[in-house]
Ligand code: SAM
């Protein structure tokens, strides 16, 4: 089995395949030997589980996942990596690599076809340019996924794990809390990657537990309120929601009154229960 965190192994792969890292695809590969086993262990890679990985790179995390889980389906956009992975992952017979943009994949199809009888978890060292779209796709698909364990930029990790109703929260914090519970697991320094990015990173896990479950129409309305509010978070919620959703300010004021919040509240001051109640009152008063 190749040691993919060994610098001379990585250099020989780069040379053999004439590979150059693509900044645009967020290609910073892990070379710190302790990080991938930790992501795999904290990310539910174990017996009874199938794992979806997003972005394989040279397969460093993929191998750690495959050692522990029943099966790994790894989705990689860069076709230059496919021949590399054939060599680096040759010792495993429980890995399927799909050469596709993750944003174009049909998650429910992958899960029903590849992971029969298994629980499913997602693990990835994410390409940072699409952190939010990837997480939103995973959550909004309502696919049967137990957990999402991902390496993200440190600030993104803090936002994902923030408490709703606190300054650090954002629209994505609300989405994460709507579908599950996020935990900040550990920091990873920039020196753990090749090439080293100019930001630090963190690994977080979202345990998907669908705590809140609104009807489809109510849910769509809720996320419209959230998007309007957070797209202009410095404005009062009455200003942002009334201008973007075409709702009278008086209607917003009376909804705020019903949830015992002042008229000049900003969206970041409302906790999860208040946000849901506020959205339902607005929806029913339209
Ligand atoms: N897992 C490897 C590791 O930890 O060393 C590589 C992680 S690297 C940060 C991100 C990987 O995601 C790269 O291999 C990149 O080519 C791939 N990638 C970027 N955009 C992607 C997309 N839209 N769909 C699938 N893979 C993507």
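Once you reduce the range 14-54 and the range 235-286 to the center of their Cα atoms, the two points are 43 Å from each other. Were the residues from residue 187 through residue 207 laid out at 0.36 nm apart, the gain over their Cα-Cα distance would be 5.3 nm. Taking square-rooted eigenvalues a ≥ b ≥ c of the alpha carbon gyration tensor, is the range 7-208 rounded, prolate or oblate, where a/c under 1.5 means rounded and, failing that, a/b exceeding b/c means prolate? Here the range 7-208 falls in the oblate category. Between 183, 132, 79, find the one with the highest GNM mean-square fluctuation for the chain; connect C-alpha pairs within less than 10 Å. Its mean-square fluctuation being the largest, the pick is 79. For the chain, give me the percentage of DSSP beta bridges that are antiparallel, rounded to the nearest 5 percent. Counting DSSP beta bridges with both partners in the chain, the antiparallel share is about 45 percent. Once the C-beta distance of residue 168 and residue 284 is scaled by a Förster radius of 25 Å, the resulting FRET efficiency is 0.25 to the nearest 0.05. Working from label points 7 Å from Cα in the Cα-to-Cβ sense, the residue 249 to residue 235 distance is 1.1 nm. So what's the angle, to the nearest 10 degrees on a 0 to 90 scale, between helix 216-231 and the longest Cα principal axis of the chain? So the inclination is approximately 90 degrees. Angle, helix 131-140 long axis vs. longest principal axis of the chain, Cα atoms, 0 to 90°, nearest 10? Roughly 70 degrees between the two axes.
Computed from the C-beta positions of residue 277 and residue 32 and an R0 of 45 Å, the FRET efficiency is 0.50 to the nearest 0.05. Identify which of 110, 204, 51 has the largest mean-square fluctuation in a Gaussian network model of the chain, with springs joining Cα atoms closer than 10 Å. Checking each option, the largest mean-square fluctuation is seen for 110. Axis angle, to the nearest 10 degrees, between helix 7-17 and the longest C-alpha principal axis of the chain: 80 degrees.
Using a simple spin-label model with pseudo-atoms 7 Å out from Cα toward Cβ, residue 227 and residue 98 lie 2.5 nm apart.
Given the Cα-Cα distance of residue 80 and residue 140 and 0.36 nm per residue of separation, how much length would full extension add, in nm? Each step should come with its number before you reach the end.
Working: separation 60, 0.36 × 60 = 21.60 nm, distance 3.02 nm.
Full extension of this stretch gives 18.6 nm more.
Readers should treat all values here as calculations from the given coordinates under stated rules, not as data from a laboratory. Owing to the predicted nature of the structure, the values given are computational and were not obtained by experimental measurement. Heads up, the Cβs are rebuilt from the backbone with ideal geometry, glycines too, and the neighbour counts pull from every protein chain shown.
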